[in-house]
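Enquirer: The structure that follows is given in the form of structure tokens.
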Amino acid sequence: MPSTGNYPIERREGEIERLRMQAAAIEFDAGVMLERIGVSSGWRCLDLGCGPGGILELLSVRAGPTGQVIALDADPVFLEHARVLARDRGRGNMKFVQGDAYNTGLPRGSFDFVHVRFVASTVGRHQDLIGEAVALACPGGIVALQEPDISTLKCYPPHAAWDRLTQVLEQVFVSVGNDVRLAQHLYQLVRRAGLENVQYRPFLVGFRSDDRMADYLPATVESVRRTILRQDLIDEEELNAALAACRRHLADPDTVSTYVTVAQVWGRRPRLSTALNP
């Protein structure tokens, strides 16, 4: 059986830029979620597995000078990138912590808002992660997760190379025990964690050939190349040919593509902690 808790994506050259582009492409919908939740001045917020930016900027603006945003990630290079970005933008209400999202060591029950995006699906152990997030929220605080469903990763017109890369991309996560269709049952998982008034908001974005995110699928496959080849999911010659053919198709002005569907699910920790059932 494949082990869980494995993150197959490599921090290769260009990976930070890929993650930053991804965050920018879905920033609007992250903002919609935060507006609906009501994150506002004075809130103490935590972004678990924030990577090189996550939703830190959105949280910092909403929390304001009387609030605080804690950015936690296991990768010191990602954290340093986020720290420099925050300094350059004058975001003095941020604090950066290198740590394990599954065992943070942060004070329990101390955050008004705890957020996790694309960690449960790509690293695994989703129940442990959700349990940690719930434990960190204060009674009455909000826990929010955003996770993908890869089944909507499509291009139009269809192309065999795109389909092959999409298949391999999903297989590489499955091979290490992870689930890039987690969005399909995220709502149920969060409800079972004991949160109240759980909300559900899925969204889907798409890209034209001249959009920087048009290269999302090939670039992401490049970031898991070593694991793909190690797991013998495709041979290197076929992989290189599929990447080249897919990129040629995506460069055609008539081609468009859709991203993974992202499910946003959030709920409130009961004010009586004994009501929780992690």
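Enquirer: Are any of the residues in the range 253-266 farther than 24 Å from Tyr7 by Cβ, open to solvent by less than 50 Å² (accessible area, probe 1.4 Å), part of a loop (DSSP other than H, G, I, E, B) and touching a His at 6+ places or on another chain (Cβ under 8 Å)? Quick ask: steps written out before the conclusion?
Expert: Taking the range 253-266 first, the residues farther than 24 Å from Tyr7 by Cβ are 253-258.
Okay, now just the ones that are also open to solvent by less than 50 Å² (accessible area, probe 1.4 Å), so 255, 257-258.
Next, from what is left, pick out any that are part of a loop (DSSP other than H, G, I, E, B): 255.
Then keep just the ones that are touching a His at 6+ places or on another chain (Cβ under 8 Å); that gives 255.
Yes - at least one qualifying residue is present in the range 253-266.
Enquirer: Which residue pairs have Cβ atoms under 8 Å apart, sit 6 or more places apart or on different chains, and have a first residue in the range 77-97 that is farther than 21 Å from Gly14 by Cα and a second that is part of a loop (DSSP other than H, G, I, E, B) and hydrophobic (A, V, I, L, M, F, W, C)?
Expert: From residues that are farther than 21 Å from Gly14 by Cα, the pairs are Val97/Leu106.
Enquirer: Between a residue in the range 171-192 that is at negative phi and modelled with pLDDT of 95 or more and any residue that is part of a loop (DSSP other than H, G, I, E, B) and among the acidic types (Asp, Glu), which pairs come within a Cβ distance under 9 Å, given they are 6 or more apart or on different chains?
Expert: Filtered contacts from the range 171-192: His185/Asp179.
Enquirer: Then there is this: So Ala120 fits all but one of (1) modelled with pLDDT of 95 or more; (2) touching a helix residue (DSSP H, G or I) at 6+ places or on another chain (Cβ under 7 Å); (3) under 30 Å from Pro218 (Cβ atoms); (4) buried (at least 22 other Cβ atoms within 10 Å of the Cβ); what number is the exception?
Expert: (1)
Enquirer: What about Val198, is it in contact with a Phe, Trp or Tyr (Cβ under 6 Å, 6 or more places away or on another chain) and under 20 Å from Gln146 (Cβ atoms)?
Expert: Values: in contact with a Phe, Trp or Tyr (Cβ under 6 Å, 6 or more places away or on another chain): no; under 20 Å from Gln146 (Cβ atoms): yes.
Answer is no for this residue.
Enquirer: Can I ask one more? Of all residues in the range 86-101, which are surrounded by 16 or more Cβ atoms within 10 Å (Cβ to Cβ), in contact with a Leu (Cβ under 8 Å, 6 or more places away or on another chain) and not small (Gly, Ala, Ser)?
Expert: Result: Arg91, Met94, Phe96.
Enquirer: If I filter the range 64-83 down to residues being among the hydrophobic types (A, V, I, L, M, F, W, C) and assigned to a helix (DSSP H, G or I), which single residue comes out as most open to solvent (accessible area, probe 1.4 Å)?
Expert: First, the residues of the range 64-83 that are among the hydrophobic types (A, V, I, L, M, F, W, C): 69-72, 74, 77-79, 82.
Going one step further and asking which of them are assigned to a helix (DSSP H, G or I), we end up with 77-79, 82.
On the way: Val77: 62, Phe78: 17, Leu79: 5, Ala82: 5 Å².
That would be Val77.
Enquirer: So, one more: Considering only the range 41-52, state which residues are touching a Lys or Arg at 6+ places or on another chain (Cβ under 8 Å) and either open to solvent by 10 Å² or more (accessible area, probe 1.4 Å) or of a type in the set (A, V, I, L, M) (or both).
Expert: Within the range 41-52, Ser41, Trp43, Gly49 qualify.
Enquirer: Just the residues that are assigned to a helix (DSSP H, G or I) and either under 20 Å from Glu27 (Cα atoms) or among the acidic types (Asp, Glu) (or both), please, taken from the range 88-124. Show your work before the answer.
Expert: Within the range 88-124, the first condition is being assigned to a helix (DSSP H, G or I), and the residues that meet it are 88, 120-123.
Correct list: Asp88, Ala120, Ser121, Thr122.
Enquirer: Counting just the residues of the range 186-238 that are open to solvent by less than 50 Å² (accessible area, probe 1.4 Å) and part of a loop (DSSP other than H, G, I, E, B), which one comes out nearest to Arg268 (Cα to Cα)?
Expert: Going through the qualifying residues, I end up with Leu195.
Enquirer: Just to check your reading of the model, which residue among Ala245, Ala183 is under 27 Å from Ile130 (Cα atoms), in a helix (DSSP H, G or I) and not charged (D, E, K, R)? I'd like the intermediate steps shown before the answer.
Expert: Numbers: Ala245 fails: under 27 Å from Ile130 (Cα atoms).
When all the criteria are applied, what remains is Ala183.
Enquirer: Check whether at least one residue in the range 17-36 is assigned to a strand (DSSP E or B), at pLDDT 95 or above and surrounded by 15 or more Cβ atoms within 10 Å (Cβ to Cβ), and report yes or no.
Expert: Residues of the range 17-36 that are assigned to a strand (DSSP E or B), as a first pass: none.
No, the range 17-36 contains no residue that is assigned to a strand (DSSP E or B), at pLDDT 95 or above and surrounded by 15 or more Cβ atoms within 10 Å (Cβ to Cβ).
Enquirer: Among Gln127, Gln146, which is the only one that is assigned to a strand (DSSP E or B), among the polar types (S, T, N, Q) and either under 18 Å from the mean Cα position of the chain (by Cα) or at positive phi (or both)?
Expert: On the way: Gln127 fails: assigned to a strand (DSSP E or B).
Among Gln127, Gln146, only Gln146 is assigned to a strand (DSSP E or B), among the polar types (S, T, N, Q) and either under 18 Å from the mean Cα position of the chain (by Cα) or at positive phi (or both).
Enquirer: Answer with yes or no whether Val39 is modelled with pLDDT of 95 or more, assigned to a loop (DSSP other than H, G, I, E, B) and under 20 Å from Val265 (Cα atoms). Let's see the steps before the verdict.
Expert: Details: modelled with pLDDT of 95 or more: yes; assigned to a loop (DSSP other than H, G, I, E, B): yes; under 20 Å from Val265 (Cα atoms): yes.
So Val39 fits the description; yes.
Enquirer: Can you say whether Thr166 is touching a Ser or Thr at 6+ places or on another chain (Cβ under 6 Å) and either of a type in the set (Ser, Thr, Tyr) or closer than 19 Å to Leu34 by Cα (or both), as far as the supplied structure shows?
Expert: On the way: touching a Ser or Thr at 6+ places or on another chain (Cβ under 6 Å): no; either of a type in the set (Ser, Thr, Tyr) or closer than 19 Å to Leu34 by Cα (or both): yes.
In short, no.
The values are calculated or read from the model by the stated rules, or taken from the named source; none is laboratory data. Keep in mind that this is a model prediction, so the values were computed, not measured. Glycine also receives a Cβ, built like all others from the backbone with ideal geometry; neighbour counts cover every protein chain displayed. Calculation scope for accessible area: heavy atoms of the full protein, side chains included, ligands and nucleic acids excluded. Shrake-Rupley method; radii C 1.70, N 1.55, O 1.52, S 1.80 Å.
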